[in-house]
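Presented below is the structure to which this report refers.
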């Protein structure tokens, strides 16, 4: 059932059509519904706005546009995903593959380059002959190629595609599981109950739209690690805002849910990367790293005056 995007009051319909012969896209024969609770002129003004206005308001994190998308446009009563959300999820997954691959490639030291000229056929001094029998020192672990780097490019892409899919699932599943449980009284004040799992994932996917910002890298040349970190911070902030708007539970509880999901995703990604031989200093480059989550949560709690 649609709601008013200002006060969340349920309304029977968002608009009334008076003439089917006229074009609804031009606003002819259509009258937007007035909210009976807060008495604003339009219960949902975004019905007649195009995608550009919606995108700008998403960047500004306006609660009204999130309520319009989650409750009045993308939400379904059968608790299933809308087809547009499935396409958005695939697009975000592909962008996540690019960001993850680029960050890990930048953070992983490459093997030393081979000399351009071939070595001399004979040693230059006789002293080299005496040392020729000494065993060669093992290659440095920091410069030795990992198991992942030695694979063909197609296998590397499939690995990062699988990695990002698992990371996304490990981010959504803990949040959906916690919200679907009916916890006892002390814990229910921290973790609210919300049984609509598809709408939870929809909110997390819509709020992750900032992963599309690396498109600007095709036009302007930015520092890739810094750009990826900025996108990570923007995504987690939008995730917290989306959960708060969806659940109406306050930013503290929404921040707890987002932090739990982000830590689970970072831990799963770190284990997978270590299993294929990527160094421990390279964390899982999904939405945020584990250190980013902890630091973000510490700053947020300090800003609201809880500590």
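When 273, 178, 32 are arranged by Cβ crowding within 10 Å, least crowded first, meaning fewest neighbours, the order is 32, 178, 273. Fewest neighbouring Cβ atoms within 10 Å first, the residues 232, 201 line up as 201, 232.
Counting every other Cβ atom within 10 Å of each residue's Cβ, 1, 173 order from fewest to most as 1, 173. Here the simple spin-label model places points 7 Å from the Cα toward Cβ, and for residue 98 and residue 31 these points are separated by 4.7 nm.
Read the figures in this text as sums done on the coordinates, not as results from a lab. These figures come from a predicted structure and were not determined experimentally. Glycine also receives a Cβ, built like all others from the backbone with ideal geometry; neighbour counts cover every protein chain displayed.
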